[in-house]
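Here's the structure, in structure tokens; my notes come after.
What follows is calculated from the coordinates using simple rules that are stated; it is not laboratory data. Just so it is clear, the model here is predicted, and its values are computed rather than measured. We place every Cβ from the backbone using ideal geometry, glycine too, and count neighbours over all the protein chains shown.
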Amino acid sequence: MHDFTLAVYRHLLDSMKTAGYRFQTFSQYLGAPAQKVILLRHDVDDRKLHSLEFARIQHEKGIVGSYYFRMVPESFDEGVIREIYDLGHEVGYHYEDMDFAKGDPHQAIKLFERHLDRLRKIVPVATICMHGSPRSRFDNKDVWKQYDYRNYGIIGEPYFDLNYKSVFYLTDTGRRWDGHAVSVRDKVEDHFGLRFHTTRQIIHCLEQGKFPEKAMINFHPQRWTDDRRLWLVDKHRQNLKNAVKYVLIKVRKPAKKQESILHAQK
């Protein structure tokens, strides 16, 4: 069977349950972290109905997760947002306001306030998570160099409020589980030394009892489908994106290094 199908996803969830893991939303974990727990995070970047299907599958299995929505038509949908929340899941804001504001933090925070308010008119929102915006030269997290999201009733942002020395982080960025080389910003410091390429390797690790006690697993549900045609289209499209992102990373690294040198000389 191919990877990144709903059948494989169901198998993964069942393996987690069989291995004895509890499931918490990000907010729940911040309030009262379980000892053996998996946080299912979902970046709703595109194909919002795929995220709704994920939420329904989890609900059937008595599992909760956290879903982060962008302010673009491919993601933001009041009906989808409300239904996912009503299924018992957490909804958060997948912010990209530094990108929208072309790097101006003062304009970005105004957009953040407006967008957060728009989402909160539909459901409660207590956590946020940055969108990587790989084609942009602006890092959306940089807005917090001048502002504090806690002033907006936000209790957590995964890139700032998880201890990755004790919480293992996995992401399907790049349509693979070892896409570090083609991930522009969706990455954290690794303290576990585990590497997976396929979902089946993760399942095998769970079955062997070797998976870490605590983990956050980030999914992009638009990549997961049982539709053969769509699966092939997404695979080839992602391969092209990965090639572009790899070049962007290589080009930007020397520029960042030069900026650091100039800053140090001032």
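A few notes on this one:
- Matching entry among 142, 227 (being more than 21 Å from residue 44 (Cβ to Cβ) and not β-branched (Val, Ile, Thr)): 142
- Scanning the range 32-83 for residues that are farther than 20 Å from residue 126 by Cβ, assigned to a loop (DSSP other than H, G, I, E, B) and of a type in the set (Lys, Arg) gives 36, 47, 61.
- Residue that is surrounded by the fewest Cβ atoms within 10 Å (Cβ to Cβ), among those in the range 1-45 that are of a type in the set (Val, Ile, Thr) and either within 20 Å of residue 196 (Cα to Cα) or out of contact with any helix residue (DSSP H, G or I) (no Cβ under 6 Å at 6 or more places or on another chain) (or both): 18
- Selection status of residue 14, assigned to a loop (DSSP other than H, G, I, E, B) and acidic (Asp, Glu): no
- Against the test of being more than 15 Å from the chain's Cα centre (by Cα) and on the phi < 0 side of the Ramachandran plot, the options 41, 56 yield a single qualifying residue, 56.
- Subset tally (residues that are surrounded by fewer than 19 Cβ atoms within 10 Å (Cβ to Cβ) and either in contact (Cβ under 8 Å) with a residue 40 or more places away in the chain or under 22 Å from residue 44 (Cα atoms) (or both)) for the range 198-213: 6
- Filter pass, residue 83 being surrounded by 14 or more Cβ atoms within 10 Å (Cβ to Cβ), in contact (Cβ under 8 Å) with a residue 24 or more places away in the chain, out of contact with any strand residue (DSSP E or B) (no Cβ under 6 Å at 6 or more places or on another chain) and acidic (Asp, Glu): yes
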